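Everything below concerns the one structure shown next.
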There are 2 protein chains.
Amino acid sequence: MRWLTRRIGPLSPAAPAAPASAFVVPPSRLPAAARAALVDAVGAGHVLDGESERLGRAGGMSYLDLLRRRYPGGLAVPDAVVVPGDPDEVQRVVDACVAHDVGVVPFGGGTSVVGGVAALRGDKAAVIALDLERLDRLVSVDRTSRLAVFQAGVRGPDAQRLLAAHGLTLGHVPQSFERATLGGFAATRSAGQASSGYGRFEDMVQGVRLATPSGPWRLGVAPASAAGPNLRALAVGSEGTLGVITEVTVRVRPSPERERYEGFVLRGWQHATEVVRALAQNGLLADVTRVSDVDETEVTLALKGGFATKALRRYLAARRVHEPCLLILGWHGPAPQRARALRLLKAAGAVPLGRAPGEAWRHGRFSGPRQRDALLDLGVCVETLETATHWSRLRELYDEVRVALHGALDRPVVMCHISHAYETGASLYFTVLAARDPHDPFGQWERAKRAASEAISERGRGTITHHHAVGVDHAPYLRAEIGDVGVSVLAAAKQAADPKGVLNPGKLGL
Amino acid sequence: MRWLTRRIGPLSPAAPAAPASAFVVPPSRLPAAARAALVDAVGAGHVLDGESERLGRAGGMSYLDLLRRRYPGGLAVPDAVVVPGDPDEVQRVVDACVAHDVGVVPFGGGTSVVGGVAALRGDKAAVIALDLERLDRLVSVDRTSRLAVFQAGVRGPDAQRLLAAHGLTLGHVPQSFERATLGGFAATRSAGQASSGYGRFEDMVQGVRLATPSGPWRLGVAPASAAGPNLRALAVGSEGTLGVITEVTVRVRPSPERERYEGFVLRGWQHATEVVRALAQNGLLADVTRVSDVDETEVTLALKGGFATKALRRYLAARRVHEPCLLILGWHGPAPQRARALRLLKAAGAVPLGRAPGEAWRHGRFSGPRQRDALLDLGVCVETLETATHWSRLRELYDEVRVALHGALDRPVVMCHISHAYETGASLYFTVLAARDPHDPFGQWERAKRAASEAISERGRGTITHHHAVGVDHAPYLRAEIGDVGVSVLAAAKQAADPKGVLNPGKLGL
């Protein structure tokens, strides 16, 4: 807190999280005939219209969503929550919603930070949240082919536990891991913290099964194909607008016998990005490879603990590191490339810190989102945003996003890290902290987000999202990225799969 | 020949390649107004309607296409050949064809083996071949990001030569390498012989520029994205039905300082597939990794030469190898995984043959297609077909395709290799030889191809094509693979990009 108020200025008394009783939940608009059809599809016990059930599926976990739980009034609440028990029941729910012209918001872990699960009605009279929590099975394992078929509602830790019984792992660990589902990972093109070793989720998905208003849809019979365009890549990332993903077939791997996390310090952001680029372009990335800029490194040293910061500062000063950038490498299994990676790091002047900072990062790897609640209590505006671009434009993108955020907010802290590196480029992940404007908390962040998004989109500088997906919040920037033809093609695909437009109204701009 | 006639039986006198004069080239149906618009778009010198120019773009290089050049009558000949000079001119050609309702067949190297460049008219009065040969430039190189932008008409060897001047390589070497173009590689989801090291062409493509009837379309601003479905994966593989690819942005790598090709013999097909699976699942594939079944190994030893076959047979007999399967590994650059791969091979009982068979394969790597002309002269029916599936179903797929081909043909030789291996599965590439039926040469192969395709498609046993694309020949099997919803989505995307349906009529079933 001392560090934070020194950086972002004094904080105003903050609105506490509002009790559920503060929310006026509008009565369900679900027509009786539609409700009857849904009961017919899944059973009366799985059509929920209590206020708390509906509130519990009202929106995701963006900063704006968290604010909406403190300033009642802005939440879009579904008219009912429907909880089918298997893929066939999902199809029947979709069919019932088509028949009765009711919107359907597929709901997995509810961790969207872009409004992807907002219960928007679009042009429909009513909208339901289709909660996939009962689709929680590991359907089959093919050890020879290293494939596993999961139902879409399986959460990250459950997938790992179910696979561990077979000595296998998925290796997909995004920050939302504890709550998010495999269907959600597929629907949003998720990238996990170990993407350098295991790939993005879309790389793992070998098959997908969907329930669409035009009928069941299965894709994926081979590890690779030239049978026309890759429609699996169209279903993945469709964010519930083309169909409800009910099963995913994913590549799995033997569980690594050991994991080793370690830290290094690099000399300034430019040096840090060049070292990560060298690792990526020489095939030497660790399964987890992430490097923080100077500001994020400072906060990590101040807040994360786990290794002695004063001693560390002396250690770095003695090695003339003036702008430390923390590099975390996580190696899973035998990691035959590690020795060469360490030689490259040594030659580049990296200062090894041993395992402590790596273990500290691993220990707190999922806690970032939870810290936002405490910060909101204190009157802080706190949010993240991310992008990616090719290496040659990475510095410009980094600078322009920082300029935009510093221009839109008063005395913000803007931190950044690279957590996904490729041969041709990398992601940039920004965390923003500022004193919350008590008079206009929503507008404050909306303006900052718009400034950052415009800086990213301008002249194709980067993608509007590397792994947070589009939802509602990024939809205005999609046309700049995929072009007028792309928007038309997407709308046409939507029209073919979902002619009445019941699926996830308003997402992806559809 | 002795070996071949012993295996497939006596050959009938064969039709020689017909001279151009044997072909009755129908007069061009291109309306004068359309021709004037095309002249306006590209200049009079680049609208060709001579018979030889039109015949030269009539079809590709499948066995059936080769037969059509020996039995005049079956060739679909375009009404004109239009040769634009840059991406803007391509857009103007497309616009002119939309305005005058003329079909457009994009034509690169003309190496399609699935009817992908057949000059079908669909419901149009006329059709042109849009030849991309003048789009032959390397537009830009970004060394930092390892990216190169090429115009779509650049052929494989020219791409390598242009990149070599920068010390870079693309690493994409399909068997069609000598003639095929980068635009064609992208349009058909090509996979090169070094796909284990460099990936499939779709993995290399980071950006694409198309001319569509709905206007110019550019995709790809970042190495990875979650901005909705991956539309780049929809444009790639669209086989000219959604737009004409005019530029591709591809990942490039430093040219390897050395390449090492070597051979091994494995003990029977089951053993061979298990060894390749072990290499793939342990990250030990060579850049080029291919293994032949017993029949293909026998033919290779009989025909390819380059290493002493009698001595080899004695060498193998001494090591009790009774069903030799030839494994070729090609290592590019330092290949740090080679030592571990060799240990795995040794432990698996592989017999090393040294460099001679590897070099023999490399020497002949592009010659297979040309040998077909000589075999056709002799009265042989010769063609290839390919598929892919997951490891656990590979043996069944292999067996069923062989059964189908043996059932449909009289005394065929059916050879097979795996040339593309993945963690979760592999491709199967079949070469078929039989005595050509002089009375019904077309029907003979059509029946065999149908039997094989049905064996592949049945119960989702494999993909109808791993890298030959769909064109006309595989279109009947697409619905089984992508489903009714997939076919509808594809048709809708087509409708959005090409509302009047001028682009490559009849391909992909569109």
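The mean count of C-beta atoms from other chains within 10 Å of the C-beta of residues in B:445-451, rounded to a whole number, is 0.
As an equivalent ellipsoid, the protein assembly as shown spans semi-axes of 49, 34, 28 angstrom, where each value is the square root of five times an eigenvalue of the C-alpha gyration tensor, largest first.
Distances longer than 31 Å among the Cα atoms of chain B: what percent of all pairs is that? Across chain B, Cα pairs with separations above 31 Å total 46 percent.
Summing Lys and Arg as +1 and Asp and Glu as -1 over all other residues whose Cβ lies under 15 Å from the Cβ of B:GLY407 gives a net charge of -1. By a 1.4 Å probe calculation restricted to protein chains, A:VAL113 has an accessible surface near 40 Å², given to the nearest 10.
Placing pseudo-labels 7 Å out from each Cα toward the beta carbon at B:ALA356 and B:ALA278 gives an inter-label distance of 2.6 nm. Protection proxy ranking for B:89-99, B:30-40, B:408-418, using the average of other Cβ atoms within 10 Å per residue and placing the highest first: B:89-99, B:408-418, B:30-40. Dipole magnitude for the stretch A:2-134: computed about the Cα centre from +1 point charges on Lys and Arg Cβ and -1 point charges on Asp and Glu Cβ, it is near 1040 debye. A protection proxy built from the mean count of other Cβ atoms within 10 Å ranks the segments A:243-249, B:232-238, most packed first, as A:243-249, B:232-238.
About its Cα centre, the protein assembly as shown has a charge dipole of approximately 3400 debye under the convention of +1 per Lys or Arg Cβ and -1 per Asp or Glu Cβ, with nothing else charged.
Once the Cα atoms are used to define both axes, helix A:441-457 deviates from the longest principal axis of chain A by about 70 degrees. Summing Cβ point charges (Lys, Arg +1; Asp, Glu -1) relative to the Cα centre of the stretch A:466-510 gives a dipole of roughly 140 debye. Could you tell me how many degrees, from 0 to 90 and to the nearest 10, lie between the Cα long axis of helix B:391-408 and the main elongation axis, the longest principal axis, of the Cα atoms of chain B? Approximately 80 degrees, to the nearest ten. Shape analysis of the stretch A:447-510 yields a ratio of the Cα radius of gyration to the Kirkwood radius, Rg/Rh, of 1.01. With contributions of -39500 (n - 2.57) from each DSSP H run of at least four residues, the per-residue ellipticity at 222 nm computed over chain A stands at -10500 deg cm²/dmol. Net charge of the neighbourhood of B:GLY483, taken over other residues with C-beta under 13 Å away and scored Lys/Arg +1, Asp/Glu -1, is +2. When each of the peptides B:490-497, A:119-126 is scored by the mean number of other C-beta atoms lying within 10 Å of its residues, the order from highest to lowest reads B:490-497, A:119-126.
In nm, what is the difference between 0.36 nm times the number of residues separating A:ASP101 and A:SER12 and their Cα-Cα distance?
27.5 nm
Counting Cβ atoms of other protein chains within 10 Å of each residue's Cβ and taking the mean over peptide A:476-487 gives 6.
Taking only the C-alpha atoms of the stretch A:259-363, Rg followed by Dmax gives 12.7, 35 Å. Give me the net charge of A:ASP373's neighbourhood, meaning all other residues with Cβ under 11 Å from the Cβ of A:ASP373; Lys, Arg count +1, Asp, Glu -1. Once positives and negatives cancel, what remains is +3.
Hey, got the average number of other protein chain Cβ atoms within 10 angstrom for residues in B:416-426? Write down the numbers at each step before the final one.
On the way: counts 0, 0, 0, 0, 2, 1, 7, 9, 14, 9, 3.
The mean count of partner-chain Cβ atoms within 10 Å per residue comes to 4.
With respect to chain A, whose longest principal axis is taken over its alpha-carbon atoms, helix A:87-99 is tilted by about 60°.
Each label was represented as a point 7 Å from its Cα along the Cα-to-Cβ direction; for B:ARG479 and A:GLU257 these points are 5.3 nm apart. Projecting the Cα atoms of A:HIS406, A:CYS416, A:CYS381 onto the charge dipole of the stretch A:368-422 (Cβ charges, centred on the Cα centre) puts A:CYS416 farthest toward the positive pole.
With the charge dipole of chain B set up from +1 on Lys and Arg Cβ and -1 on Asp and Glu Cβ about the Cα centre, the Cα lying farthest toward the positive end among the listed residues B:LEU48, B:LEU168, B:VAL127 is that of B:LEU168. Its Cα gyration tensor gives the stretch A:2-134 an equivalent ellipsoid; the semi-axes, largest first and in whole Å, are 34, 15, 12.
Looking at this model, which pairs from A:LYS346/B:LYS346; B:LYS124/B:LYS494; A:LYS310/A:LYS449; A:LYS124/A:LYS494 are more than 24 angstrom apart at the alpha-carbon?
A:LYS346/B:LYS346; A:LYS310/A:LYS449
The values are calculated or read from the model by the stated rules, or taken from the named source; none is laboratory data. As the structure is a computational prediction, the values presented were derived from the model and not from experiment. Every residue, glycine among them, receives a Cβ derived from its backbone with ideal geometry; neighbour counts consider all protein chains shown. Ligands, DNA and RNA are stripped out before the accessible areas are found, and what is left, the full protein with its side chains, is counted by its heavy atoms. Shrake-Rupley method; radii C 1.70, N 1.55, O 1.52, S 1.80 Å.
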